[in-house]
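Below: one structure, written as structure tokens.
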Amino acid sequence: MITLKVDNRTIEANEGETILSALNRHGIHVPTLCHMEELPPTGACRMCVVEQEDTARLITACSHPVADGMVLSTHSPKVLGARRMIVELLLSSHPDDCLYCSRSGKCDLQQLAEGLGVRRRAAGEPAPSTPMDVSGPSIIRDPSKCILCGKCVRTCEEIQGVSAIDFVGRGSKATVAPAFDEGLNVSSCINCGQCIIVCPTGALSEHSYLDEVAAALADPETFVVVQHAPAVSVTLAEEFGARTGKDVDGQMVAALRRLGFDRVFDTSFTADLTIMEEASELAHRVATGGRLPMLTSCSPGWIKFVEQFYPDFMENLSTCKSPQQMMGAIIKSFFAEREGIDKRKIVSVSIMPCTAKKFECQRPEMGREYIPDVDYVLTTRELGRLLRMYGVMLPSLEPEQADNPFGERSTAGKIFGASGGVMEAAVRTAHFLLTGKEMDEPQIRPLRGLKGVKSLKARIGDLEVGAAVVSGLGNARAILDEVRGGRDDLHFIEVMTCPGGCIAGGGQPLGADLSAIRARMKALYKIDRSEPIRTSHSNTSVKRLYEEFLGEPLGHKSHELLHTHYGKREVMT
Amino acid sequence: MPTEEVTNAEEIEQILADHAGRSRDDLIPILQEIQDTCGYLSREAVTSVGRYLNLPASKIYGVATFYNQFRFEPLGRYHIQVCRGTACHVKGSAGVMDMVINEIGVQPGQTSRDRLFSLEVVACMGACGLAPVICVNGEFHAKMTPRKLAQLVAEIRQKESSNAE
């Protein structure tokens with residue numbers, strides 16, 4: 001243990017850590033723009049400078065290791081002057097259109113300028129507007145807002161292992177762009193939106209479909225159905241300033257009705273349905289010598305990743321559609337028929353923690369007769385915006401129940417929202433299908449938590465099952481490479497594109513750190529603990545859907561509506 | 001240097017095979033050799049190099065755009081290099097540059113749609129006594145003026161159209 005003197009206070013620090021990490025632990029806030037938790041520092045933005053008093057030098061707290069007896073000032077006139085100048089210089093080539101910016105109010109640069117008292121343009125002209133890249137179904141790039149901090153590039157490369165974007169050009173002409181400056185739609189971008197989450201400005205944002213949804217809600221001729229994903233109810237409250245980890249499921253349902261949706265369904269219902277299909281598929285593969293390890297297919301960024309980078313694993317992907325697309329397919333078939341509504345009049349909307357879902361719903365596999373099963377996907381953030389626009393104040397609403405028959409869910413479907421949840425739900429049901437008995441303890445600890453790679457060896461009946469759970473596609477790459485290299489102890493691998501799963505999805509409220517994501521995860525597991533129906537196969541509405549319509553898991557109707565096949569995808573990788 | 005768009009798949013394969021170590025340290029020499037052979041770095045070339053060195057296309061494009069020497073469009077039949085070195089600058093090469101852009105209608109690094117002209121900016125050709133100087137397909141043109149430049153471009157156009165007939 002070593003000691004530092006910071007702003008005339010003595011603090012303790014661990015050998016080898018950075019100044020920033022020591023300061024943060026002691027509640028001393030130093031602003032950063034390029035710093036990323038869990039990745040090595042680059043020291044690119046210089047926002048985190050502190051003054052070393054004996055030398056009067058400015059050093060970057062993010063990249064400088066602590067030393068015993070260091071005397072630092074975090075807000076001397078020199079430090080504040082330097083930070084202010086950095087912001088002024090960043091703003092010198094930045095547009096002055098904060099009023100119209102998608103990031104306004106959530107922008108790190110705006111907040112720094114405000115906090116440091118920048119009240120006028122110190123240098124330069126507002127950047128001329130450059131063309132935005134609106135080619136992608138999920139993500140919009142506005143290069144004129146980019147401050148070249150590099151966080152999107154690092155996320156795409158070091159966390160997701162995708163590298164769809166990189167720095168292009170040099171010096172004042174440098175930008176961040178895909179190869180050959182092409183649109184994101186033809187790049188290897190998997191639409192995960194993690195770049196939006198880390199972007200400090202409005203340079204990256206989601207492709208919004210709010211106007212289309214608002215128009216559908218206002219049109220008396222359409223029947224507008226909405227589904228909401230498991231991970232949305234535990235984060236939506238953050239859009240209204242609530243503490244992290246608050247579940248507002250019932251209030252959200254009430255709010256969606258106030259917006260004018262004709263039916264409100266819960267995607268966790270089709271998560272339960274996914275488990276029935278996927279567990280049966282796994283059992284079938286094991287029994288018939290099918291391709292193993294089976295890989296989950298709920299996460300659309302991951303699907304595109306396999307299509308581009310690992311086409312040899314296409315056969316390993318479960319043929320199950322994602323819960324969103326299963327719900328969409330059922331809404332525009334069974335539901336439309338039962339209610340006697342022309343499916344062309346149904347507008348199917350889903351609220352997702354995800355930007356890749358916007359891409360998924362536009363895939364040609366995801367509809368029939370040129371009618372998409374899901375028409376529009378809104379992120380959690382967009383739902384927050386829609387509610388504010390319509391004046392629906394979520395915190396003041398009385399909770400309501402989702403509509404039948406697709407509003408019932410087990411907690412197994414709900415925990416899909418956290419990395420490991422799909423596997424836990426699948427193991428619970430597989431145990432029942434193979435042994436005829438419920439597990440004594442449904443909670444499976446090794447599958448929980450925010451670690452990027454988790455594994456489980458379990459004995460289910462006569463079967464020794466090897467399972468792995470990974471989140472963040474850099475981790476997926478590593479495990480697929482192991483399987484390619486001959487690793488053969490795995491039967492089933494759950495992969496979530498975003499680190500931590502959907503609770504940390506690219507469509508979730510901004511500004512969440514690791515502790516916020518942990519709180520979101522705990523909220524899901526609290527629901528699992530506190531409700532009686534904890535397995536997908538005990539969802540009575542799922543059972544009834546099989547009796548009335550689908551027949552049996554992997555049956556003819558299931559294959560037609562709930563399963564699909566993907567193919568190799570040619571993009572510039 | 002070939003001037004037409006060529007895919008040169010075999011030549012690219014040969015260049016890659018000559019760098020058998022597959023080390024990313026070889027990236028820039030490989031790109032240089034490909035540009036020497038093909039005249040530019042095509043999308044196909046970048047993806048082949050990426051597969052060979054296990055590097056993403058975005059990273060290769062990022063590295064290549066960092067340097068002025070790489071181009072991403074095939075050369076025109078007449079490749080114009082405009083010197084923007086110090087002596088040429090003093091003698092008015094900025095004006096020459098604008099003139100060339102106006103006359104042939106392309107920006108530096110680009111090739112005209114009819115593949116007749118391509119334009120490149122170079123830092124110094126070592127011909128400072130001839131400033132401002134331009135170079136067309138290896139042939140130097142000294143002490144450029146707007147009139148001389150217009151005449152040069154007109155002559156090329158005329159020659160090409162009479163060839164076409």
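The values are calculated or read from the model by the stated rules, or taken from the named source; none is laboratory data. Computed from a predicted structure; not experimentally measured. Please note: Cβ atoms are built from the backbone with ideal geometry, for glycine as well, and neighbour counts cover all protein chains shown. For accessibility, only protein heavy atoms count, side chains too; no ligands or nucleic acids. Shrake-Rupley method; radii C 1.70, N 1.55, O 1.52, S 1.80 Å.
Set the Förster distance to 51 Å, then compute FRET efficiency between B:Q107 and A:S515 from the Cβ-Cβ distance, nearest 0.05. Result of the calculation: an efficiency of 0.55. Rounded to two decimals, the Cα radius of gyration of region A:2-75 over 2.2 N^0.38 Å is 0.99. The three principal axes of the Cα atoms in region B:78-164 give end-to-end lengths of 39, 22, 21 Å, sorted in falling order.
The Cβ shell under 15 Å around A:R154 holds other residues with a net charge of -3, Lys and Arg each +1, Asp and Glu each -1.
Put simply, the C-alpha atoms of region A:363-458 give a gyration tensor, and the ellipsoid matching it has half-axes of 33, 20, 17 Å, longest first. In chain A, the longest principal axis of the Cα atoms and the axis of helix A:300-309 are about 80 degrees apart. For chain A, the relative contact order works out to 15 percent when only alpha carbon pairs closer than 8 Å and six or more residues apart are counted. Are there residues in region A:533-573 whose accessible area shrinks by at least 30 Å² when all protein chains are included rather than the chain by itself, and which are they (probe 1.4 Å, ligands and nucleic acids not counted)? Buried on complex formation: A:M572, A:T573. Values of log10 I(q)/I(0) for chain B across q = 0.09, 0.14, 0.17, 0.19 Å⁻¹ run -0.36, -0.77, -1.00, -1.12, by the Debye formula with one identical scatterer at each alpha carbon and no solvent. Label separation (A:E547 vs B:R24): 5.9 nm, computed from points 7 Å beyond Cα along the C-beta direction. Loop-resident GluC sites (Glu not before Pro) (DSSP state other than H, G, I, E or B) in region A:1-83 with no more than 16 further Cβ atoms inside 10 Å of their Cβ: A:E15, A:E17, A:E37, A:E38, A:E53.
For region A:200-279, what does the alpha-carbon gyration tensor say about shape, rounded, prolate or oblate, given a ≥ b ≥ c as the root eigenvalues, a/c under 1.5 as rounded, and a/b over b/c as prolate? Verdict is rounded for region A:200-279.
Nonpolar atom fraction for region B:78-164, defined as the carbon and sulfur part of the 1.4 Å probe accessible area, stands at 52 percent. Taking a quarter of the surface of the Cα convex hull of chain A gives a mean projected area of 27.8 nm². Of the chymotrypsin sites (Phe, Trp or Tyr not before Pro) in region A:294-402, the ones in a loop by DSSP (not H, G, I, E or B) with at most 14 other beta carbons within 10 Å are A:Y370, A:Y390.
The angle between the Cα long axis of helix A:77-92 and the main principal axis of chain A comes to about 60°, on a 0 to 90 degree scale. Annotation note: trypsin sites (Lys or Arg not before Pro) in region A:199-262 located in DSSP loop regions with a Cβ neighbour count of at most 13 within 10 Å are A:R243. Approximating the spin labels as points 7 Å out from Cα along Cα→Cβ, the A:S104-to-A:D68 distance works out to 5.4 nm. Residues of region A:341-364 with an amide N closer than 18 Å to a point placed 7 Å from the Cα of A:E221 along the Cα-to-Cβ direction: A:341-348. Shown for region B:34-49: residues covered by the partner protein chains by 20 Å² or more of accessible area relative to the chain by itself (probe radius 1.4 Å), namely B:R43, B:T47. For the pair A:E369 and A:E570, a Förster radius of 30 Å applied to the C-beta separation gives a FRET efficiency near 0.65, rounded to the nearest 0.05.
Spatially, region A:256-307 and region B:118-157 are offset by 65 Å when compared through their Cα centroids. Of the heavy-atom accessible surface of region A:76-133 (probe 1.4 angstrom), what whole percent is carbon and sulfur? Percent of accessible area from carbon and sulfur atoms in region A:76-133: 60. Here's how it looks for A:G245: its modeled amide H is under 5 Å from those of A:R520, which are all 5 or more places away or on a different chain. The Cα center of region A:165-220 and the Cα center of region A:420-471 differ in position by 36 Å.
Across chain B, the relative contact order, built from alpha-carbon pairs under 8 Å that are at least six residues apart, equals 20 percent. Each other residue within a Cβ distance under 12 Å of A:T573 adds +1 if Lys or Arg and -1 if Asp or Glu, for a net charge of +4.
In this label model, B:E120 and A:Q111 are separated by 4.9 nm, measuring between points 7 Å along each Cα→Cβ vector. Positive-end ranking of A:V571, B:S42, B:G85 along the dipole of the protein assembly as shown, with charges on Cβ about the Cα centre, is headed by B:G85. Rg/Rh for region A:89-206 stands at 0.96; both radii use Cα atoms, and Rh follows the Kirkwood definition. Probing with 1.4 Å while keeping every protein chain in the model, the per residue accessible area of the protein assembly as shown equals 43 Å².
Within the same chain, lysines fewer than 8 places from B:K148 are excluded, and of the rest, those with a Cα less than 16 Å from its Cα are B:K91.
The length gained on full extension between A:M1 and A:K557, counted as 0.36 nm times the residue separation minus their Cα-Cα distance, comes to 193.7 nm.
May I ask you to list the residues of region A:519-555 whose amide nitrogen lies under 19 Å from a point 7 Å from Cα along the Cα→beta-carbon direction of A:L434? Of the residues in region A:519-555, A:535-538, A:553-554 have backbone N under 19 Å from the label point off A:L434. In a simple Cβ point-charge model (Lys, Arg +1; Asp, Glu -1; nothing else charged), chain A has a dipole of about 960 debye relative to its Cα centre.
Counting only lysines at least 8 places from A:K557 when in the same chain, those with an alpha carbon closer than 19 Å to its own are A:K321, A:K332, A:K343, A:K543. Under a 5 Å amide H cut-off, with hydrogens placed 1.01 Å from N, A:I346 pairs with A:F223 among residues at least 5 apart or on other chains. Solvent-accessible area of region A:330-465 (1.4 angstrom probe, protein heavy atoms only): carbon and sulfur portion equals 52 percent. Exceedance of the 29 Å cut-off in Cα-Cα distance is limited, within the set A:K457/B:K59; B:K59/B:K143; A:K145/A:K357; A:K151/A:K173; A:K5/A:K246; A:K246/A:K358, to A:K457/B:K59; B:K59/B:K143; A:K5/A:K246.
With the cut-off at under 17 Å, measuring from each backbone N in region B:50-94 to a point 7 Å along the Cα-to-Cβ line of B:C128 picks out B:83-94. Measuring heavy-atom accessible area with a 1.4 angstrom probe and counting protein chains only, the residues of region B:59-90 that give up at least 10 Å² relative to the chain alone are B:K59, B:Y61, B:G62, B:T65, B:F66, B:N68, B:F72.
Buried surface between chains B and A: roughly 1400 Å² of accessible area, summed over both sides, computed with a 1.4 Å probe on protein heavy atoms only.
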